[in-house]
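Taking it in order: structure first as structure tokens, then the write-up.
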Amino acid sequence: MNTASLQPLPEPLPASARRLGAAGLLPFAAGALLVWLVRDEEAHAFVAQALSVYAALIVSFLGGIHWGLAFRHAEPPTPLLVWGVVPSLVAWPAVLMPPWSGLVLHGVMLLACYAADRRLYPAQGVARWLTLRFRLSAVAALCCFVAAAGT
């Protein structure tokens, strides 16, 4: 008998989390599209920079989640605290880079954040969020890569 079949199914995520997560992708999709459509040099630079700044905010947010998880512990696990600051420390210089390279770094960090979450979320009892995190991270990273190619 397969013991995996005896495991309870995780509770579904709140619909509001799924909707808000999808809404958070709108600036990524709009930015990636506008980078390819906007021809005016000054406006193009603005759109690319705006997307880079938004990506940095999201990458930093993903790191901050780990500090929130650490706050639940009397003795926070060091990996949560360390990983909680790494995304911000990478996103900051990425914003200062030219968008064609900074957006690539943001895309890589979005994927790295997901990879870290795959390892750290189960131990914190929040593994049920991984499917949504994968979908959001994959689309956001793809938008960063597509936008970088258009700069």
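General observations
- Restricting the range 14-45 to residues that are among the small types (Gly, Ala, Ser) and farther than 15 Å from Leu103 by Cα, the residue that is farthest from the chain's Cα centre (by Cα): Ala43
- Of residues in the range 9-41 being loosely packed, with under 10 Cβ neighbours inside 10 Å and closer than 17 Å to Trp129 by Cα, the one modelled with the lowest pLDDT: Leu9
- Check on Leu132, touching a residue at least 12 places away in the same chain (Cβ under 8 Å), in a helix (DSSP H, G or I), surrounded by 15 or more Cβ atoms within 10 Å (Cβ to Cβ) and at negative phi: no
- Test: Ser88 is more than 17 Å from Leu136 (Cα to Cα) and not aromatic (Phe, Trp, Tyr): yes
- Residue list for the range 58-85, filter: under 13 Å from Met109 (Cα atoms) and either surrounded by 17 or more Cβ atoms within 10 Å (Cβ to Cβ) or without any contact (Cβ under 8 Å) to a residue 12 or more places away in the chain (or both): Ile58, Val59, Ser60, Phe61, Leu62, Gly63, Trp83, Gly84
The values are calculated or read from the model by the stated rules, or taken from the named source; none is laboratory data. Computed from a prediction, not measured in an experiment: that's the story for all the values here. Note: ideal-geometry Cβ built from the backbone for every residue, glycine included; neighbour counts use all protein chains shown.
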